[in-house]
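> Dropping the structure in here first, questions after.
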Amino acid sequence: MDTGYYIAFYNKNDRFHSKAMIIIQDLKNNKYGQIYTSLDVLDELFTFFQRRKLQYLPNKIIDDWFIKNKKFGKIYILLLKC
């Protein structure tokens, strides 16, 4: 999952919010398989919502999508060797 989907899902004023609300049903029914995201996406979310004084939302996203229901999504960590 990319940043744009989460923003549209949680932001009722986003022009793609209604589409995101429809897609969530397909995601819950596992139509597209396992949901994956990265720390980079989460970092973008923290930055986006912090600028809008909504710092609590990224934590809610992590809790709702990846902690409460571990079968629903996974966060991937990419480690680079230097």
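Bear in mind that the values in this text are calculations on the coordinates, not laboratory data. As the structure is a computational prediction, the values presented were derived from the model and not from experiment. FYI the Cβ positions are ideal-geometry reconstructions off the backbone, even for glycines, and counts take in every protein chain you see.
> Evaluate the charge dipole of the chain about its Cα centre and quote only its size in Debye, nearest 20, assuming +1 on the Cβ of each Lys and Arg and -1 on the Cβ of each Asp and Glu. Spell out each step's value before the answer.
Details: 14 positive and 8 negative charges, 40 e Å.
About 200 debye.
> Going through the cross-link list LYS28/LYS53; LYS28/LYS74; LYS12/LYS60; LYS28/LYS68; LYS28/LYS60, which pairs have a Cα-Cα distance over 21 Å in this structure?
Numbers: LYS28/LYS53 29 Å; LYS28/LYS74 14 Å; LYS12/LYS60 16 Å; LYS28/LYS68 14 Å; LYS28/LYS60 17 Å.
Violating the 21 Å limit, Cα to Cα: LYS28/LYS53.
> Can you list residues from other chains, or at least 5 along the same chain, whose modelled amide H is less than 5 Å from the amide H of PHE16?
none
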